[in-house]
Amino acid sequence: MDTDKGTAAPKGRIEELSENERRLLRVLLEEPDGLEVDEAAERLKLKPEHVRGAASWLASKGFAATEDETTVRLGLSEEGRRYASEGVPERRLFGYVRDAGGRSELDKARSESGLTDHEFGVALSWWSRKGLGRIEKEGDRRVLVAGEDPPEQPDEALLAVLDGADGADPGSVDDEGLELLRQRKGLVTEHESKRTRVRLADDVDVDRAVLDEAADAIEQITPDVIRSGAWRDRPIRPFDVSAPVPRAVSGKPHPLQQIIDEVYEIFLEMGFEEISYDYVQSTFWNMDALFIPQDHPARELQDTFYLDRPKRLPIPDDVVDQVAEVHETGGDTGSRGWGGRFDRDEARRGLLRTHTTVGTIRHLAANPDKPCRVFSVGRVFRSETMDRTHLPEFHQIEGIATEPGANFRQLVGILTEFYRRLGFEKVRVRPGYFPYTEPSMEVDVFYNGKWMELGGSGIFRPEVTKPLGVTTPVLAWGLGLERLAMHRLGLDDIRDLYISDLEWLRAQPLR
Ligand code: PHE
């Protein structure tokens, strides 16, 4: 039983009750023991669901207490009803055998008794059990022999009861009959019905004068109420702005997408243009053009997803020649290169980009002598084992800025300004290492009393820019997005960003 005690003092005011609630309350005042919702509905000439609604509102406002009582009612299935009107199969079989002179060959009875195969089976299974008769053997034939005319059995009596009533209380019927009927599957049906009793809450003091006066209140402000001026003379039912209402959940961008949008906004405001390149790239652009040595450990299978299709991608011969020379000897960059022989077949291998620096380098190769400020936010792929801080697929915030005289302090300035606009006041760079930048820096942001490492940056080396024909210094960076998002959203497991936990998503504000 579900009880809503309702002993507390009323939380609501009588003036705030709806018409149905007030009417029900009047009934409750007259019924010290309370009554069933259906009964109240009848008295009030309201639909039971409306009374149930009013009752639960009265309960939540402290005026009433409700009790739910679930009861089971027994009834008959279609087959059960047929048994009730035509007789149970064994009795029908008994009648057939008796009329046939008290004996009938079993196979003959099967085909001539008028019972279906199913019913005949049922009848046979009860034949001896109920003492209706015997089954005798005559040679290889079996013969049904009817006994005394049997009195009505308890299951038959109960069938008649259930057939008449519209549902019976399991406690009120004959146990033996019910037990027998239940042994025959599918005859007795059970359905639950819920009844709600409602009564006045304990210790509630209803001022009838206020209740009467409230009856006159305007429930809804309609054009008519305004036009007629009724609002001047009659009280208006106050709204209860603290009443519980269903939660309205609206669609909104995923929190990670919201941060991506914010990053876009900031770079656009800072005068950057977006660039966008494919996930599938050649090793040449992803690594060789960035002066990453061909035997660099990060190229190993455990870090990079190489593709079977396309296994190889076309690469631009003229640029490859330049890059190959720089790798082998340093060319005219002032470097000694990595030595060895540059492997063009290796350079053609298809892969999923491991960083978005592949996009900025391609942009530079296509626009070697134009000052530019470009950025991208995109997915990158690394063959990492997933854990609290690693995903095989994540996002980088990438960018470059180049113009004659571009320098290190501008680079720090751009990054500091970018993070400041995202809400991080303190940014620092530390020396770092990337094969493609000199100087190379790690970028950290101060957050919650700690420095967190967010990415890499630097100025592209001549080994990178010269083969492309770029002559101005290129300031470059590649920053993590997920780490930033985790701190923003207060998550300590990166995977939570990609698990669509609807409850969590709904709770996230639209920023
Ligand atoms: N590509 C580097 C990374 O994936 C980041 C970086 C970009 C470093 C540009 C320097 C310059 O971590």
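Every read-out reported here was derived from the displayed coordinates using simple, explicitly stated rules and does not represent laboratory data. Everything numeric in this text was worked out from a predicted model, so none of it was measured. Here Cβ is always computed from backbone atoms with ideal geometry, including for glycine, and neighbour counts include all displayed protein chains.
Principal axis extents of the C-alpha atoms in region 38-148 (largest first, rounded to whole Å): 82, 24, 23. Restricting the GluC sites (Glu not before Pro) of region 241-343 to loop positions (DSSP other than H, G, I, E, B) with no more than 11 neighbouring Cβ atoms within 10 Å leaves 300. In square nanometres, what is one fourth of the surface area of the convex hull spanned by the alpha carbons of region 188-229? It is 7.0 nm².
About the centre of its Cα atoms, region 399-454 shows a dipole size close to 220 debye [charges on the beta carbon of Lys, Arg (+1) and Asp, Glu (-1) only; nearest 20 debye]. Between the residues 316, 297, 223, the greatest Cα displacement towards the positive end of the dipole of region 194-341, with unit charges on the Cβ of Lys, Arg, Asp and Glu, is found for 223. Extending 7 Å from Cα along the Cβ direction at residue 384 and again at residue 345 yields two label points whose distance is 3.3 nm. For residue 426, the lysines whose Cα falls under 19 Å of its own Cα, not counting residues fewer than eight places away in the same chain, are 450.
List the trypsin sites (Lys or Arg not before Pro) in region 418-473 that DSSP assigns to loop (not H, G, I, E or B) and whose Cβ has at most 14 other Cβ atoms within 10 Å. Which are they? Loop-located and lightly packed - 426. With contributions of -39500 (n - 2.57) from each DSSP H run of at least four residues, the per-residue ellipticity at 222 nm computed over the chain stands at -10500 deg cm²/dmol. Can you compute the label reach from residue 85? Point 7 Å from Cα along the Cβ direction, backbone N cut-off under 17 Å, restricted to region 136-172. Answer for region 136-172: 159-167.
Note on the chain: along the principal axes its Cα atoms extend 120, 94, 43 Å, ordered by decreasing extent. Once the Cα-Cα distance is subtracted from the 0.36 nm per residue extended length, the residue 36 to residue 308 segment shows a gain of 90.7 nm.
Ranked by the mean number of other Cβ atoms within 10 Å per residue, highest first, peptides 142-155, 301-314 order as 142-155, 301-314. Look at 327, 296, 355 and count the other Cβ atoms within 10 Å of each Cβ; fewest to most, that gives 296, 355, 327.
Amide H contacts of residue 337 (H built 1.01 Å from N, in plane; Pro and chain starts excluded): 330 sit under 5 Å, all sequence-distant by 5 or more or on other chains.
Taking Cα atoms only, the orientation of helix 255-269 departs from the longest principal axis of the chain by about 30 degrees. Here is the link list: 370/466; 108/130; 45/194; 137/185; 47/194. Which ones come out longer than 24 Å on Cα distance? The pairs that break the limit, which is 24 Å between Cα atoms, are 137/185. Once the Cα atoms are used to define both axes, helix 89-99 deviates from the longest principal axis of the chain by about 40 degrees. From the Cα gyration tensor of region 340-484, with a ≥ b ≥ c the square roots of its eigenvalues, which class applies: rounded if a/c is under 1.5, or else prolate if a/b is larger than b/c, or else oblate? Note, shape of region 340-484 comes out oblate.
Here the gap between residue 252 and residue 60, fully extended at 0.36 nm per residue and compared with their Cα-Cα distance, gives a gain of 65.9 nm.
Look at the alpha carbon pairs under 8 Å that are at least 6 residues apart: their mean separation over the length of the chain gives a relative contact order of 13 percent.
Mind pulling the angle between the C-alpha long axis of helix 19-30 and the longest principal axis of the chain? Nearest 10 degrees, somewhere in 0 to 90. Long axis of 19-30 versus the principal axis of the chain: about 40 degrees. Once the Cα-Cα distance is subtracted from the 0.36 nm per residue extended length, the residue 99 to residue 274 segment shows a gain of 53.3 nm.
Judged by the ratio a/c of the largest to the smallest principal axis of the C-alpha gyration tensor, region 133-254 counts as prolate, that ratio being 1.5 or greater while a/b is larger than b/c.
Working from Cα pairs under 8 Å separated by at least six residues, relative contact order for region 351-470 is 20 percent.
The loop-placed trypsin sites (Lys or Arg not before Pro) in region 27-103, going by DSSP, that have at most 15 neighbouring Cβ atoms within 10 Å of their Cβ come out as 45. Taking square-rooted eigenvalues a ≥ b ≥ c of the alpha carbon gyration tensor, is region 281-379 rounded, prolate or oblate, where a/c under 1.5 means rounded and, failing that, a/b exceeding b/c means prolate? Cα axes put region 281-379 in the oblate bin. Exposure proxy ranking for 499, 361, based on other Cβ atoms within 10 angstrom of each Cβ and starting from the fewest, stands as 499, 361.
Once both labels are positioned 7 Å from their Cα atoms along Cα-to-Cβ, the gap between residue 452 and residue 231 label points is 5.1 nm.
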